[in-house]
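Enquirer: Take a look at the following structure, please.
The values are calculated or read from the model by the stated rules, or taken from the named source; none is laboratory data. Keep in mind that what you see is a predicted model, and the values were worked out from it rather than measured. Here the Cβ positions follow ideal geometry from the backbone for every residue, glycine too, while neighbour counts run over all protein chains shown. With ligands, DNA and RNA removed, areas are computed over all heavy atoms of the protein, side chains included. Shrake-Rupley method; radii C 1.70, N 1.55, O 1.52, S 1.80 Å.
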Amino acid sequence: MTLEEVIEECKLFYLAGQETTSTWLTWIMIVLAMHPDWQEKARDEVLEVCGKKETSFEAISHLKIITMILNEVLRLYPPVIAQYQHCYKETKIGNITIPAGVDLNLPMLLLHHNPELWGEDAEELKPERFSEGISKACKDQLAFFPFGWGPRTCIGQNFAMIEAKIALATILQNFSLELSPSYTHAPYTVMTLQPQHGAHIRLHQL
Ligand code: HEM
């Protein structure tokens, strides 16, 4: 690789890895402040598995409720709301022929909220959907792809999962989260899906 290419790769990793994970963590905190019952379940699990100690790589693999919550937040508030693919040469997928030059939009946000795939409660926070893993959460497991799909799927997804689990476990060990009355729920997109008026959350030290 040339020096120029290495620099460009570093920029890509910074953009793809920082912005996505930080908005995801922001939504996780908003959602747990909105749903104190799930916040309590999540904290109980963290305290049971890790106690008040620093979370270890080994311990986070036992955080089942936290994993369910992380997936449900990715479903409702995917940081990347759609993927755009350009078809360079005529391609056949099943019965469909896509001519060269066509731009495809894969709308994660729409599919993640589709009641035909997720049920009439698609708009509700229900982490228990993921209690038996991703493949059983939805009628069509291809409908959940917050990290993309296929050979170019997100290279950082496992890293992001570990990062989010450690960050969330540490926050829950030390703080309780309460939604401020000034918070207005308005998801909107500026490159990633963000809370338009900010994440007004009160943190109470435990
Ligand atoms: C919540 C966190 C994240 C989300 C939602 C996310 C989402 C995505 C999506 C949708 C793609 C496009 C995949 C495709 O074309 O099929 C992608 C690609 C990529 N992501 Fe992530 N990502 C996250 C975290 C990270 C992290 C932490 C890193 C690096 C440390 C990272 C590095 C990359 C890179 C380098 C690519 C391009 C891969 C390629 O084209 O071969 N991402 N990500």
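Enquirer: At 0.36 nm per residue, minus the direct Cα-Cα distance, what do Thr170 and Lys136 gain on full extension? Give it in nm, one decimal, please.
Expert: Gain on extension, Thr170 to Lys136, equals 9.3 nm.
Enquirer: Quantify, in whole percent, the carbon and sulfur part of the accessible surface of the chain (1.4 Å probe; protein heavy atoms only).
Expert: The value for the chain is 59 percent carbon and sulfur by accessible area.
Enquirer: Can I ask one more? Hey, if you put +1 on the Cβ of every Lys and Arg and -1 on every Asp and Glu Cβ in the chain, which of Ser176, Leu206, Val46 ends up farthest toward the positive end of that dipole?
Expert: The listed residue farthest towards the positive side: Val46.
Enquirer: If every alpha-carbon in region 1-118 counts as one equal scatterer, what log10 I(q)/I(0) does Debye give at q = 0.11 1/Å?
Expert: -0.62
Enquirer: With a 1.4 Å probe and all protein chains in place, put Lys165, Lys92 in order of accessible area, largest first.
Expert: Output order, biggest surface exposure first: Lys92, Lys165.
Enquirer: Next up: With a 1.4 Å probe and every protein chain left in place, work out the accessible area per residue of the chain in Å², rounded to a whole number.
Expert: Ligands and nucleic acids excluded, the result is 60 Å² per residue.
Enquirer: Along the principal axes of its C-alpha atoms, what lengths does region 79-137 span, in descending order and rounded to whole Å?
Expert: Computed over the Cα atoms, the extents are 42, 23, 19 Å.
Enquirer: Kirkwood Rh over Cα pairs of region 94-206 into Stokes-Einstein at 10 °C, 1.306 mPa s: D in µm²/s? Kindly include the intermediate steps, with their values, before the conclusion.
Expert: Details: Rh = 17.5 Å.
D = 91 µm²/s.
Enquirer: Shifting gears a bit: Heavy atoms only, probe 1.4 angstrom, no DNA, RNA or ligands counted: give me Phe175, Phe13, Phe144 ranked by accessible area, highest first.
Expert: Heavy-atom accessible area, descending, gives Phe13, Phe175, Phe144.
Enquirer: In addition: For Tyr14, tell me the accessible area in Å² from a 1.4 Å probe, rounded to the nearest 10.
Expert: 150
Enquirer: Please go through the residue pairs Lys52/Lys165; Lys92/Lys136; Lys64/Lys136; Lys139/Lys165; Lys64/Lys126; Lys41/Lys126 and name each one whose alpha carbons sit more than 23 Å apart in this structure. Provide the component values of the computation, followed by the final result.
Expert: On the way: Lys52/Lys165 15 Å; Lys92/Lys136 28 Å; Lys64/Lys136 15 Å; Lys139/Lys165 26 Å; Lys64/Lys126 14 Å; Lys41/Lys126 13 Å.
Violating the 23 Å limit, Cα to Cα: Lys92/Lys136; Lys139/Lys165.
Enquirer: Let me spell out the model: positive unit charges on the Cβ of Lys and Arg, negative unit charges on the Cβ of Asp and Glu, origin at the Cα centre of region 37-107. What dipole size does that give, in debye rounded to 20?
Expert: 220
Enquirer: Could you give the length gained by full extension between Met191 and Glu178, i.e. 0.36 nm per residue of separation minus their alpha carbon distance, to one decimal place?
Expert: Details: separation 13, 0.36 × 13 = 4.68 nm, distance 2.72 nm.
Result for the pair: 2.0 nm of gain on full extension.
Enquirer: Also: Check which residues have an amide H placed less than 5 Å from Gln83's amide H, if you skip close sequence neighbours.
Expert: It is Leu106, Met108, by chain and number.
Enquirer: Continuing with this model, one more query. Rounded to whole Hz and in sequence order, give me ³J(HN,Hα) for region 110-126 from the Karplus expression 6.51 cos²θ - 1.76 cosθ + 1.60, θ = phi - 60°, writing x for Gly and Pro.
Expert: 5, 5, 5, 10, 6, x, 5, 9, 10, x, 5, 8, 4, 7, 8, 7, 9
Enquirer: Still on this structure: Using modelled amide H (1.01 Å from N, peptide plane; none on Pro or chain starts), what sits under 5 Å from the amide H of Ala199, excluding residues fewer than 5 places away?
Expert: none
Enquirer: Using every pair of alpha-carbon atoms in the chain, split the distances into 10 Å bins beginning at 0 and state the percent of pairs per bin, rounded to integers.
Expert: 8, 30, 34, 20, 7, 1
Enquirer: Hey, how many Å between the Cα centroid of region 51-116 and the Cα centroid of region 154-206?
Expert: 18
Enquirer: Tell me, what ³J(HN,Hα) does each residue in region 63-72 have, in order and in whole Hz, if you take phi through Karplus 6.51 cos²θ - 1.76 cosθ + 1.60 with θ = phi - 60° and put x for Gly and Pro?
Expert: 3J(HN,Hα) across region 63-72, in whole Hz: 8, 6, 5, 4, 5, 4, 5, 4, 5, 5.
Enquirer: Under a 1.4 angstrom probe, counting protein chains only, how are Lys126, Lys41, Lys139 ranked by accessible area, largest first?
Expert: Ranking Lys126, Lys41, Lys139 by accessible area, largest first, yields Lys139, Lys41, Lys126.
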